[in-house]
């Protein structure tokens with residue numbers, strides 16, 4: 001008998017909770033209109049993701065080019081020292097490998113966005 005009482009009280013508690021949530025949702029102010037007032041954009045999430053990815057890959061590309069330039073500078077100022085030349089070659093190779101990885105990362109992102117129907121320009 002106690003089990004039935006527990007089951008009935010649990011069922012009543014669960015159903016009464018849904019009755020309170022069944023209020024007219026049109027009358028509730030969800031605060032959606034405030035997004036434009038506080039300076040939030042109206043762009044789609046996909047467009048924001050494209051912008052972020054392009055910016056990050058651009059910054060990484062610039063860093064990889066700077067690494068290659070540093071390697072070239074080290075090579076030019078090595079003065080014939082084989083250890084410095086070897087270090088400069090390693091730096092240049094690391095920069096080139098970084099550029100290749102960044103290129104493939106961009107290609108993978110472009111492929112994924114083309115498959116899901118987006119574009120990398122940020123617009124349709």
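None of the figures in this text is laboratory data; all of them are computed from the coordinates on show. Remember, predicted model here, so these are calculated numbers, not experimental data. FYI the Cβ positions are ideal-geometry reconstructions off the backbone, even for glycines, and counts take in every protein chain you see.
Using a 7 Å offset from Cα along Cα-Cβ at residue 87, what residues in region 63-81 end up with backbone N under 18 Å from the label point?
Output list for this probe position: 67-81.
Taking every pair of alpha-carbon atoms in region 47-90, give the share separated by more than 13 Å as a whole percent.
60
In nm, what is the difference between 0.36 nm times the number of residues separating residue 100 and residue 3 and their Cα-Cα distance?
Extra length from residue 100 to residue 3 when fully extended: 28.2 nm.
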